[in-house]
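Computed from the coordinates by the stated procedures, all read-outs in this text should not be read as laboratory data. What you are looking at is a predicted structure, and each value in this text was computed from that prediction instead of being measured. Don't worry about glycine lacking a Cβ; one is built from the backbone with ideal geometry, like all the others, and counts go over all protein chains shown.
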């Protein structure tokens, strides 16, 4: 789960423009999912890669979920220095040797940029080999120690950004546990990073809401410049991911 947040922070935190009032964004109704074609694995047996990928594709956000947003492919453009900082962060958190997930898949990155509006949102799904492994990841991301490691990591990442006239400032992380009925646990992070641009403080907000259901880990990642991603839309999308996870089995 922490790896999903790491990837989301790099994608959501870079290349932001300007943002103002959120405006009206349409709300859609969460559909009732159907079961994947493969039968779920017996109790105690790890899901197959094909089962895990089918679950991820059934749960992840689609363009129909965010009308008005433009879908773009996520780009992994991490530099060698960013990858080095990531390794240092994983070492700091004590999870650098965590086992690899059975499968991971993410949605496209959905962006809304109109005049001074600049929001983005995406989802990520990972399926671990066991429910215990997923719980281990959830426990890590809930810990104050890991938040401290991640805060220092983001501070260093933002310092590597070369934006004319912008000076990186503080990075803070607030944590919580959003309601996730029927799941085995959840977490929430609000990351606030500030930049000083020509003497004016410009905040970037990165929100990570996630939950664990058996061996699966589902994360909603959203961002906004100057103001957070609209709360009502965020809550709707999180509920949509919950409904899909309840309707499918990895």
Exercise. Sorted from fewest to most neighbouring beta carbons within 10 Å, what does the list 79, 223 look like?
Worked result: 79, 223
For this session: For region 86-142, evaluate the Debye formula with one uniform point scatterer on each Cα (no solvent term) and list log10 I(q)/I(0) at q = 0.25, 0.27 Å⁻¹, rounded to two decimals.
Result: -1.04, -1.11
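Using Cβ counts within 10 Å as a stand-in for footprinting exposure, how do 82, 217, 73 rank, fewest first?
Working: 82 16, 217 29, 73 6.
By the 10 Å Cβ count, ascending, the order reads 73, 82, 217.
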Exercise. Taking other Cβ within 10 Å of each residue's Cβ, how do 167, 192, 249 sort, fewest first?
Worked result: 167, 192, 249
Seminar exercise, completed: Subtracting the Cα-Cα distance of residue 91 and residue 129 from 0.36 nm times their residue separation yields 11.5 nm
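Would you mind giving the three semi-axes, in whole Å and largest first, of the ellipsoid equivalent to region 121-250 according to its Cα gyration tensor? Walk me through the numbers before you get to the answer.
On the way: eigenvalues 184, 55, 25 Å².
Square roots of five times the eigenvalues give 30, 17, 11 Å.
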For this session: Could you check the simple spin-label distance between residue 114 and residue 144, using points 7 Å along Cα→Cβ, in nm with one decimal?
Result: 4.4 nm
For this session: Provide the packing ranking of 233-242, 197-206, i.e. peptides ordered by the mean count of other C-beta atoms within 10 Å per residue, highest first.
Result: 233-242, 197-206
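How much length is gained if the chain between residue 197 and residue 72 is pulled fully straight, taking 0.36 nm per residue apart and subtracting their Cα-Cα distance, in nm to one decimal? List each step's numbers first, then the result.
Values: separation 125, 0.36 × 125 = 45.00 nm, distance 2.74 nm.
Between residue 197 and residue 72, full extension yields an extra 42.3 nm.
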